[in-house]
Structures are given as structure tokens and as C-alpha cells.
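Data first, discussion second: the structure below is written as C-alpha cells.
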Amino acid sequence: MHPILHVVVVGFHHKRGAQIDYCYPPLKGEGDDGIPQAWAGLPTLALPDGAHHVEDDVIFFLLPALDDPNRSVFGISCYRQIASEDLISKGTDVTRSSVQKSVCVLSTVPLFGVVKAKLELITQAYFNERDFTKVEVLSQMYSNLCDMFNYEQLDSASAYMDIPVTSLLKTFKHRTLVLFKLLMLEKKVVFNIFPVRRLGEIMIGLCSLFPGLVEDGLFEAANYTAKPIATPAPSEADTSSESQSVKGGDGGAEDVFVKKETAPSEVSLMNRLTDLIGSGALRQRKELVCEAREGLIAPTGIATDSYGLPLHLFTKGSLFHPYLSISYLDMIRADSTRAYCIGATNALFKQRRDQIDVIVTLDETGEGIVDIINPDLKRQLTLTAADLRFTDFLIKMVETRADPAAFDGGDDWIRHQFQAYLLSLLASVRGDMVNTLGDYGDLFVDAWRGKHNFRIWTCGDHPDISSAVPGHPFAGQLGMNDVFLRMEHTIGGSEHGRKIASTIFDGEVHDGHRKQSEVEHFVVVSRSDERKQRRIRRGTKAPRAAVKCAMLRVYYIVN
């Protein structure tokens, strides 16, 4: 069996707008051109807003599956435009100076990276014919893709192959970790970036920092239709007990149905904890909470590994779309959508700021801007000193990477570092290590504990999480370098901010003795066993008085 569904050509008609010109195998829907109702927005996804401003583009998008509206279909579209005068064969509908078309591949599994390069070559060959009635190359591409991919031989890296994360880190710098933690909090996030190729690479690259998320965790990200949970028949004679609707803990409409007799509420179970005493109280509390959640949380179709990964970030009404057209505006504002992370080029998506938590854009220099509208969320996402050391270590490794073929500082290396960061966080939470969780941010951890993905993870049995090293990989006492990093991050990494920071630290040097900060490097040793981790620490600690003085001066400058 192969995952390839269709090869589709979408063109722009001067009267009807975006429309499907060709599909192989043919669509068998009830709409115009055989488009199924669930895919009515396909032409607007494949041919994005503002496409006429660029010569070519690449679009990643998701659609609901036709056999299951809560299952995802993954699309890759290559857009080109050609001057009408260059065409050998022109139809009567060609009335403008240029012709715009996209060639799309639809599949049941995410193949964003590995298909992109092949699709770009085929699209260019299709345009080189200068006659769009010659579709043999497209049907041949479908056959080749079917031969190339099958479910048994798919590589997990195929989903994000050739999707760079080094450029993501260079664009957002320390704010890359802010985006990483933001996804874990399941908020309403809009990425407003053009061109769409850059938009998709940023969003897929960000998701690829979470182990298994792109290849296994997006199968319920396209759409959500609430379904009742099947509950076992009660053993008692009373079978007429009424059902009740339970709203998701994240404020969204997570309509699941449970029997009052078979699934007691979490609140009622927690009330029983008042009678618990002794050393087993904490363990029994966890068992009671999970007992309630097993009834309150609907099962998902996301397969996880022995660490409990990927996290269920985009399930049960939390949507992910690398690109959405304006026709999907009502979908993200629906009651069934409790959270989303979407990409858009139309400014209408960010007009209702009262309904959005975060807007992500690029400034005129190409630097990433993360506009956190929700003030509570802004505090939750404030990076700790340990977080800043972690991101600074990544940035320096990427910037000093001399050999493009070297592993250290490359895309896979960055993904390994975020995997180690996440595993250490999960191990700390699993062990309820309060002293170490502060290095991740107390407000962040408290907020994360209330999210759907955390509730799913914490109730699972993950045997290998015990092998992960708990505690923040860059934990340590504050040093002078931490003050510099805080200033650079707060001001935004600008040249002006660096000059101010340099002035401060020059004033902290007395009698020719330079106070060195504690530098901590975290190395993931990935040979035969990627779970082996070790820390390397070196340097000396700066005097606390000097650190506090510098921090006060930074506070007054940035505020």
C-alpha cells in the first residue's frame, strides 16, 4: 500500500478564481469539478493569497480525510506563473498577461520534505512544455511516487527532510525556545509571513523540534468534530443513568460524554485526598487523578513511543495548519476549535487581536518577531536564565559551524538538543522535582500542567522516561553572562541592545580583573544509544553583588 492519493493541478480563472484544472486519479465528489465538500477549499490552499507577487512558491497544507473528518490528509503544492505570450497552446480562458498554476500532491502521511524537491522538478518540467494540456508527466509522477513510497519502508525523517531549522534559529534566536514552549501551552497562534515557502518552512521546522510530532503527531490536526466516548455497559441493574457533557480543561469545547456511575469527576476524586496520609499519599493522588482522566479524556489515534512522545499538541480541537486561506476564517473561530497554530498571508487573520494570543511575523530585516498579546501568557513564556544559556549555546554552535556537512550545529544536531531539553523536562515533571522545575519557569510549568497534552502524557506508562536525566541541562547559579543574555533577549537582540549591555559590563570590570560567568555546556552523546547524556562545566562564578547590581541597572534601562 502507498500513501499517495492524488496529483492535482490548480489554476486561476479570471472569473471563477482558483479552480481545479486536472486531477489524477480523478476526484469523485459532489461539488464542482468533482471536488468533495470536505475539500472545497483545496484550490485556495494550493494557490495562496498574493501568489501573483512571486514567480514561484511552495505551500504546505492540511485537509480533513474524506473517510474520517478528524483524520488529516497532507498536501504539498508547487506554484509557478508563466507569461501568456510564452505559451504554445492557449485556451480561450487565458485573458491575462500571465498564467498561474500549482501542482499538488495529496498523501495520507506527511511527506513535506522528501516530496518537495521532486515536485518542484516535475512542476518546472510541466511548465517547460508551455502547453498545459500535456499532462502525461503528471500521471507519470503519480506512478513514480506510488512506487517510491509505501507504508512499510517510510523513513521517519521523510516528513521534514530538507526543512531547515538552522535558519529558524538564526531568524528567531532566543525566541525559538519561546515558540517551542508556546506550542506546549496550546494557544491561538497566527504566523503571518510571506512568501508561503518561508512560512511553511518555519512552521514545519518548529514542529520538527518536538520528537515525532511531524511524522506521527499531526494526524488529528486538520479538523475536529466532537464525538461521544464509548463507555462500558454498567454491571448494575440501573442502566438508565443520564450522560453529561464535559468541557475541556483548556476552555475549549471538548464535548465528550461519560457515565456518571462509571466515570466519577476529577473533582470528586480529588476530594477523597483529604483522608490520605502517610508516604503513599502522593502516589495514590496521582492514581486517583489518572482514574478520573481516563474517563474524561477521549482516546486519540496518535501512536507514541516508550517516552510518551510525540506530545498530543494537536488533537481534540487543537489545530495545526501551515497555511490557511481566508475561506477558513470561520473554522478557526468555531466553538469546536479550542486552540490553533496556523500560517496565513492575509492580514484579516490578525485583525481580531482580542481572539488571538500570539502573532508571529518577520520585520523588514527578516528577524523574527513574537508578539504575545495575552499578558498572562507573556509572563508564562518568559525565559529563565537556564533557558537563555541553552539557546545561547545553540546559537553560538550554529554561528561558528565551519563545515556545512558537520553534525554539530546542523539541523539534526539542533533537533537532538531540543529532544534532550524536552526529555529532561518530562523526567523532572514525572519525578515531581520542584527544585529543578523552576529552571524551566514556574509559571510555564504550572500552565502546562493544565493542558490537554500534559494530561494525556502524565497518565500514560512511559518506561524509558526513567533513563532521561532530570533537571534543566543548563541549570546553574547566576553569572555576569546571564545579565548580558537577559538584556539581549529583552531588548530583542538589536545592535542598540548589545551596545548598552557592553557599556554595563565594561563598568563591572575593576583593576583589570575580568569577572567570568559560569558557562555550562550540555552535550548529548548519541552513538549507539542516544539516551546517554553528560554535562561539561567550566569557568568561575561571578560575585553575586556585582551580578545583582548589573541586573538592577538592566531592569531600569529596559523598563
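Tabulated values for the structure
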quantity: Neighbours by Cβ (under 8 Å, 6+ apart or cross-chain): first from region 65-78, in contact (Cβ under 8 Å) with a residue 24 or more places away in the chain; second among the basic types (Lys, Arg); calculated: Ala65/Arg71; Asn70/Lys227; Ile76/Lys116; Cys78/Lys116
quantity: Search result, residues across region 146-176 that are of a type outside the set (S, T, N, Q) and under 14 Å from Val360 (Cβ atoms); calculated: Leu168, Phe172, Lys173, Arg175
quantity: Region 389-405 - residue that is over 13 Å from Leu169 (Cα atoms) and not hydroxyl-bearing (Ser, Thr, Tyr) and, of those, surrounded by the most Cβ atoms within 10 Å (Cβ to Cβ); calculated: Arg389
quantity: Among the candidates Leu63, Leu119, residue that is within 29 Å of Tyr328 (Cα to Cα), part of a helix (DSSP H, G or I) and in contact with a helix residue (DSSP H, G or I) (Cβ under 9 Å, 6 or more places away or on another chain); calculated: Leu119
quantity: Selection status of Val214, assigned to a strand (DSSP E or B), modelled with pLDDT of 95 or more and closer than 27 Å to Asp68 by Cβ; calculated: no
quantity: Selection within region 77-106 - assigned to a loop (DSSP other than H, G, I, E, B), in contact with a helix residue (DSSP H, G or I) (Cβ under 8 Å, 6 or more places away or on another chain) and crowded, with 16+ Cβ neighbours inside 10 Å; calculated: Val94
quantity: Residue in region 417-431 that is under 23 Å from Ser208 (Cα atoms), of a type in the set (Phe, Trp, Tyr) and more than 18 Å from the chain's Cα centre (by Cα) present; calculated: no
quantity: Restricting region 7-21 to residues that are buried (at least 19 other Cβ atoms within 10 Å of the Cβ) and in contact (Cβ under 8 Å) with a residue 40 or more places away in the chain, the residue that is farthest from Val115 (Cα to Cα); calculated: Phe12
quantity: Where a residue in region 368-384 is in a loop (DSSP other than H, G, I, E, B) and its partner, wherever it lies, is among the charged types (D, E, K, R), with Cβ under 7 Å and at least six apart; calculated: Ile373/Arg353; Ile373/Asp357; Asn374/Asp357; Leu381/Lys181; Thr384/Asp439
quantity: Segments classed as helices (runs of 4 or more DSSP H), wholly inside region 437-496, with at least 3 members that are in contact (Cβ under 8 Å) with a residue 40 or more places away in the chain and surrounded by fewer than 17 Cβ atoms within 10 Å (Cβ to Cβ); calculated: none
quantity: Candidate set from region 38-59 (those that are surrounded by fewer than 20 Cβ atoms within 10 Å (Cβ to Cβ) and of a type in the set (A, V, I, L, M)); member that is farthest from Leu119 (Cα to Cα); calculated: Ala38
quantity: Residue tally, condition of a type outside the set (S, T, N, Q) and touching a Phe, Trp or Tyr at 6+ places or on another chain (Cβ under 9 Å), over region 142-161; calculated: 4
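The values are calculated or read from the model by the stated rules, or taken from the named source; none is laboratory data. Just so we're clear, the structure is a prediction, and the values are computed from it rather than from any experiment. Glycine also receives a Cβ, built like all others from the backbone with ideal geometry; neighbour counts cover every protein chain displayed.
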